[in-house]
Amino acid sequence: MSSHLLSLAIWVPIAGALVVLATGERNTNLSRWLALVTAILGFLVTLPLYSGFDHTTSDMQFSEALPWIQRFNIGYLLGVDGISVLFILLNSFITILVVIAGWKVIEEKVAQYMAAFLIMSGLMNGIFSALDAVLFYVFFEASLIPMYLIIGVWGGPNRVYAAFKFFLYTLLGSLLMLVALIYLFFESGGSFSILEWHALPLGMTAQILLFLAFLIAFAVKVPMWPVHTWLPDAHVEAPTGGSVVLAAIMLKLGAYGFLRFSLPIAPDASHELSGMMITLSLIAVVYIGFVALVQADMKKLVAYSSISHMGFVTLGFFIFNQLGLEGALVQMISHGFVSAAMFLCIGVVYDRMHSRQIADYGGVVNTMPKYAAFFMLFSMANAGLPATSGFVGEFMVVLGAVKYNFWIGFAAATTLILGAAYTLWMYKRVVFGAVANKHVAELTDLSSRELLVMAALAVCVLWMGLYPFPVTDVMHVSVDHLLKHVAASKLL
Amino acid sequence: MQDALAAPLAIDWLLALVLCWLLLGLAGMVAQRNLRYVARTLFPLGAAVGLAIAGVAFAALGEVPETVVLPLGLPDLPFHLRLDSLSALFLVILGGIAAGISIYAAGYLRKGEGTAPGLQCLQYHIFLASMALVLLADDAYAFMVAWELMALSSFFLVTSDHRNPEIRRAGYLYLLIAHIGAIGILLSFGVLQGGNDMAASNGVSDYTFAHMRMMHPDGFWATAAFGLALFGFGAKAGLVPLHVWLPEAHPAAPSPVSAMMSAVMLKTAIYGFLRVSFDLLQTRLWWWGVVVLMLGLFTALFGVIFSAVQTDMKRLLAYSSIENIGLLFVGIGLALTFDGFDMTILAALALTAVLYHCLNHAAFKSLLFLATGAVLHATKERSLGKLGGLIHKMPWVAWLSLLGVLASAGLPPLNGFVSEWLLLQSFLFTPGLPHGYINMLIPVAAAAVALTAAIAGYAMVKFFGIIFLGQPREERLAEAHDAGLLERIAMIWLGGLCVALGIFPVFVIEQLDAVTQLLVGTGLGAAVRSGGWLLLAPVSENRASYEPLVFLLVILAVGAATFMLVRRFWHGRVRITGAWDCGWTLQSARMQDTSEGFGQPLRQVFSPFYRMTREEPGSFDKAPRYSIVVEDHFWYWLYLPVARAADMGTRMVAFLQQGRISVYLLYSFVTLIVLLFLIRG
């Protein structure tokens, strides 16, 4: 099937971004509208990916293949399966929200701000659809640049430090991945096709070294404990939109990397090292849960809660069953919506009060009832309470973990309490009670623009919580295929 | 589904009715602040739906179980629902009690009290619907969704007056413990689905209850599943030491919600525990029964002695609910023990007592909570120390709560007596247990149950006496008014249930027969039927028996005769004289027994149980004040240490979390080295 949908998904936002840049700083409103139109267009071109998706096969669909650097057999290979297609949709959807959320708040360098997000959106679509390792690597590294700029230019007072730390961590991680890619190139007899690598038999030592090389790259991105520390700083300093994209999409890149590279290329090593991965995941969930509990800064709290939730995702990957893996994917999508919503919620009050300290708030419900209702819904989703998307993913991962080993399931389940504790405690302190001070008394409720963004996310969160079939149905066959692939040994 | 369309099954009707509840809730959002519409229209409709649910469920008692699968839920695990006799019985409780409470709420809702009426209407009806779904759920996912939804909706109802910091604290504590309990239940299902071999997986469909019924876990895993279920459902039911949320959350909630939580929500925990231990678990060990019995006994005693010293009327009732939950667990423990020794008819007797008490407690506790609501509205006062003499101003509420008080104290001919009597009856058979120590020790427990019943009577005398009898302790009580018409109707309905359940035990036990048949394979139906509908002889006629109607007639006759005799021979001969006063001509409200004073003997006797802080006036105080605060040791022994440990843990973690890149790079490096080392080994 020849279609150019994936190319469109990648290049429409980037082309739009260039147009936005070209409008310059003279007419900020024009830049905003152009950015919005581009973002919506970018989302619309991804919709046929879902509607035309064949749920019955695990093969790559909407494939495109063009030669690129023929000397090294590098190609422009694109394609999606049931795992990656969802993230392209999520990414394009979140981009629209980010553009709307930054409408009034960003007053300086509007065109550049919008363009940075659009370019990033296109690059990340590229990461999710690349089937050539070099292409993947290029997109993977290139996506760092707009994020670096977003934090460094539009961030908070300590932005340069945070941007630097972000860049340093992720770059160091991906260098080892590059080594692994070159090794695989030679090992496979001169191919950079990821699908060919999946079928490549490898010895145990080679698999373990490859697994570790990929692990370092992806673990930083996820981020897994103990290489998570760049994330809270990056989140705190990033503008709201930056935090949203960082939490909703960028963190998923690492997890996606596990599914595309580590598990299928080194299945025996994955099994061998699964104990370590599960341990790291559980440590992330427990340790980070405790860290989140003491945070006084709302954004830091949500940042830590993201790490903890991603711990659930990696846990779901390495228990190697359908429930766990599908649960982890649902958790990833759900976390995309929920963390985006949480950061937007914090952004809403930050724009009004210019404080992220929990102690500065209290009784917000009295002045912002609509806001309080949305914030409540998203907090509940973050805590994994039912009827929200957060519940479905966590529930599936815990059930899957119980199937793998009761005690791992036990440990995972007990940590759910921490999630509920820190999120609801923050909500209680910020929203409930009598009006805390005169600044809170002067707050105004959501504007219609903010309401639109919140409502869109609320619909997603509830829809996935009540009726997750449309999501799980798409991934089902691909997950099944992946599990079968990982279960078979590839040893030489 | 085709057949279902042809002739709707009972379960289809029930689902439709549950949907009606949800729609009524949503309808409340249309005009949130329109009290006339929300309270006078939607809540009575909700009551009608409740009655219909009770009716359909009642008809389904003893019928063949019905199942239905909804296209909602997880992939490969859509919602499975099932209606059998056990769920039907609890649906009868839910529907019947909800009918009363909804009518009451129709008259009770006021403007400006916390959340807008329309929103409360939504939360309330979601609460009802989620309880119904808990009872119908037939797979782990549907059960957990309904269970958490129930916790969540009731949390919102509890915190409807969130401007009060105490209520916020109570709500948070409630939600947290509910969440912890839910995780226990979830893990219990996790063990149940796997049996011994967790890895032998058929996928998600293992999480249906039908699959769990086919598993035969060995002793260790069965005990694990049972222990987790006991923990999870115990946390919801308020089993000591997981009870701390209950005396906080019940007083914080609006009265109809307290009534609903105490009367029905706690019963869903009993339902879940019965479902897991008697239906899903195919392996049962007799000693579980002894553990449950002991926990239940301790809970009952603990609850009742705390109930007797409370000075807040709703807290008093909350502790009394803990006591009743304890009694229910005592009965379940006995049933498990008997069942473990294959003495099924005795297990059926104990279970009948449990199920009967569920019905009874639901009826009288909701009645009493509604009464406190009426008192609260009339006086704006919850503290017993500031009430008194309300029987003159609020005769309807007073006389109707007298019914509830008598039932709660376990006095014949009301319903509380029957179930406690059945429970004590089952104790009388424990000497037959083929186990030396157990058959000696368990009868001792019967004495403790009797003590509990006695102190419960004491607490109820205090509740009724201090609120309604004597003289008003505050001036403004003179402005108190009786409950409105709708509130009265609701209380008459619940009071009527207390009387009916007390007078017709044979009929009730015949209905319970279907449930015990399902759980332990036998029932008391045949035995009680042979005695005729008048005489209740649960095991055989030459053992103990009880004739409630005769009892009622004798009581009425004795009462009437006394009244006549006193009037005939005593009245008219009363001399009114001012001779020496003796304090009798001047009797002020301050001379009455206070609620603290009433509890004093118990505080003395059971002082090790309480954590008391007294403030006593010295000899030269100009304005002497006496105060006593009675608290729960568990809060200090169990919960605060946990909270402190968590706090310390976070502090230590915060220390590691320095925020400097160099330190983190060191951490990362060390971790890598360790990992590489581990991989080598």
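The values are calculated or read from the model by the stated rules, or taken from the named source; none is laboratory data. Just so it is clear, the model here is predicted, and its values are computed rather than measured. Positions of Cβ are generated from backbone atoms using ideal geometry, with glycine treated the same way; all protein chains shown enter the neighbour counts.
Quick check on the range A:397-412. Is at least one of its residues under 18 Å from A:Val313 (Cβ atoms), touching a Ser or Thr at 6+ places or on another chain (Cβ under 8 Å) and buried (at least 18 other Cβ atoms within 10 Å of the Cβ)?
yes
If I ask for residues that are outside any strand (DSSP E or B) and among the β-branched types (Val, Ile, Thr), which ones from the range B:595-619 would you list?
B:Val605
Quick grid of which residues meet (1) without any contact (Cβ under 8 Å) to a residue 60 or more places away in the chain; (2) in contact with a Pro (Cβ under 7 Å, 6 or more places away or on another chain):
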residue: A:Ala420; (1), (2): yes, no
residue: A:Arg429; (1), (2): no, no
residue: A:Phe432; (1), (2): no, no
residue: A:Asn437; (1), (2): no, no
residue: A:Leu446; (1), (2): no, no
residue: A:Ala456; (1), (2): no, no
residue: A:Val459; (1), (2): yes, no
residue: A:Asp473; (1), (2): no, yes
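Determine, yes or no, whether B:Gly333 is surrounded by fewer than 24 Cβ atoms within 10 Å (Cβ to Cβ) and in the same structural domain as B:Glu510 (by TED's automatic domain parsing).
no
Based on this model, can you work out whether B:Phe231 counts as outside any loop (DSSP other than H, G, I, E, B), within 29 Å of B:Phe306 (Cβ to Cβ), within 13 Å of chain A (Cβ to nearest Cβ) and at pLDDT 90 or above? Give the steps one after another, and end with the answer.
Details: outside any loop (DSSP other than H, G, I, E, B): yes; within 29 Å of B:Phe306 (Cβ to Cβ): yes; within 13 Å of chain A (Cβ to nearest Cβ): yes; at pLDDT 90 or above: yes.
Yes.
Just checking: which of the helices (runs of 4 or more DSSP H) contained wholly in the range A:381-492 hold 2 or more residues that are at the interface with chain B (Cβ under 10 Å from one of its Cβ atoms)? Break it down stepwise before answering.
Values: elements: A:389-404, A:406-431, A:438-441, A:448-466, A:469-487.
Fully inside the range A:381-492 and qualifying: A:389-404, A:406-431, A:448-466, A:469-487.
Scan the range A:358-368 for residues that are facing another protein chain (nearest Cβ under 10 Å) and on the phi < 0 side of the Ramachandran plot and jot them down.
Within the range A:358-368, A:Val365, A:Asn366 meet the criteria.
Can you tell me how many residues within the range B:620-636 are under 31 Å from the mean Cα position of the chain (by Cα) and either in a loop (DSSP other than H, G, I, E, B) or touching a residue at least 60 places away in the same chain (Cβ under 8 Å) (or both)?
Looking only at that region, the number is 4.
Please find, within the range A:66-79, the residue that is nearest to A:Pro48 (Cα to Cα) out of those that are loosely packed, with under 14 Cβ neighbours inside 10 Å and among the aliphatic types (A, V, I, L, M). Please lay out each step first, then the result.
Within the range A:66-79, the subset loosely packed, with under 14 Cβ neighbours inside 10 Å is A:66-67, A:69-72.
Add one more test, that the residue is among the aliphatic types (A, V, I, L, M), and what stays is A:66, A:69.
On the way: A:Leu66: 22, A:Ile69: 30 Å.
Only one residue tops the list, namely A:Leu66.
Which helices (runs of 4 or more DSSP H) sit wholly inside the range A:238-334 and have at least 1 residues that are within 26 Å of A:Arg356 (Cα to Cα)? Let's see the steps before the verdict.
Numbers: elements: A:240-245, A:251-257, A:267-272, A:274-293, A:298-317.
Answer list for the range A:238-334: A:240-245, A:251-257, A:274-293, A:298-317.
Hey, can you tell me all the residues within the range B:72-107 that are away from chain A (no Cβ under 14 Å) and in contact with a strand residue (DSSP E or B) (Cβ under 6 Å, 6 or more places away or on another chain)?
Answer for the range B:72-107, where residues must be away from chain A (no Cβ under 14 Å) and in contact with a strand residue (DSSP E or B) (Cβ under 6 Å, 6 or more places away or on another chain): B:His80, B:Leu81, B:Arg82, B:Leu83.
So for the range B:444-453 (the condition being in contact with a Leu (Cβ under 9 Å, 6 or more places away or on another chain) and without any contact (Cβ under 8 Å) to a residue 24 or more places away in the chain), does at least one residue qualify? First the steps, then the outcome.
Applying the first criterion (in contact with a Leu (Cβ under 9 Å, 6 or more places away or on another chain)) to the range B:444-453 yields B:445-446, B:448-453.
Those still in the list that are without any contact (Cβ under 8 Å) to a residue 24 or more places away in the chain too: B:446.
Yes: the range B:444-453 contains one or more residues that are in contact with a Leu (Cβ under 9 Å, 6 or more places away or on another chain) and without any contact (Cβ under 8 Å) to a residue 24 or more places away in the chain.
Any residue in the range B:308-327 that's within 16 Å of B:Ala252 (Cα to Cα): show its pairings with residues that are assigned to a helix (DSSP H, G or I) and among the acidic types (Asp, Glu) at Cβ separation under 6 Å, as long as the two are six or more apart or on different chains.
none
Taking helices (runs of 4 or more DSSP H) that do not extend beyond the range B:110-216, which have at least 3 residues that are at the interface with chain A (Cβ under 9 Å from one of its Cβ atoms) and either surrounded by 24 or more Cβ atoms within 10 Å (Cβ to Cβ) or at pLDDT below 85 (or both)?
By residue number, B:140-158, B:165-194.
Determine if the range B:380-389 includes at least one residue that is surrounded by 24 or more Cβ atoms within 10 Å (Cβ to Cβ), within 23 Å of the chain's Cα centre (by Cα) and within 30 Å of B:Pro505 (Cβ to Cβ).
No: zero hits.
Show me the helices (runs of 4 or more DSSP H) found entirely inside the range B:427-526 where at least 1 residues are among the basic types (Lys, Arg), modelled with pLDDT of 90 or more and within 30 Å of B:Met260 (Cβ to Cβ).
Fully inside the range B:427-526 and qualifying: B:436-468, B:485-503.
Look at A:Leu184 and say whether it is in contact (Cβ under 8 Å) with a residue 24 or more places away in the chain and under 30 Å from A:Val338 (Cβ atoms).
Here the answer is no, as A:Leu184 does not meet what is asked.
Tell me the residue from B:Ala60, B:Ala54, B:Ala27 that is in contact with a strand residue (DSSP E or B) (Cβ under 9 Å, 6 or more places away or on another chain) and modelled with pLDDT of 85 or more, please.
Among B:Ala60, B:Ala54, B:Ala27, only B:Ala60 is in contact with a strand residue (DSSP E or B) (Cβ under 9 Å, 6 or more places away or on another chain) and modelled with pLDDT of 85 or more.
Rundown of residues vs (1) of a type outside the set (S, T, N, Q); (2) surrounded by 19 or more Cβ atoms within 10 Å (Cβ to Cβ), yes/no style:
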| residue | (1), (2) |
| --- | --- |
| B:Trp399 | yes, no |
| B:Ser408 | no, yes |
| B:Asn415 | no, yes |
| B:Glu420 | yes, yes |
| B:Gln425 | no, yes |
| B:Phe429 | yes, yes |
| B:Gly432 | yes, no |
| B:Met440 | yes, no |
| B:Ala448 | yes, no |
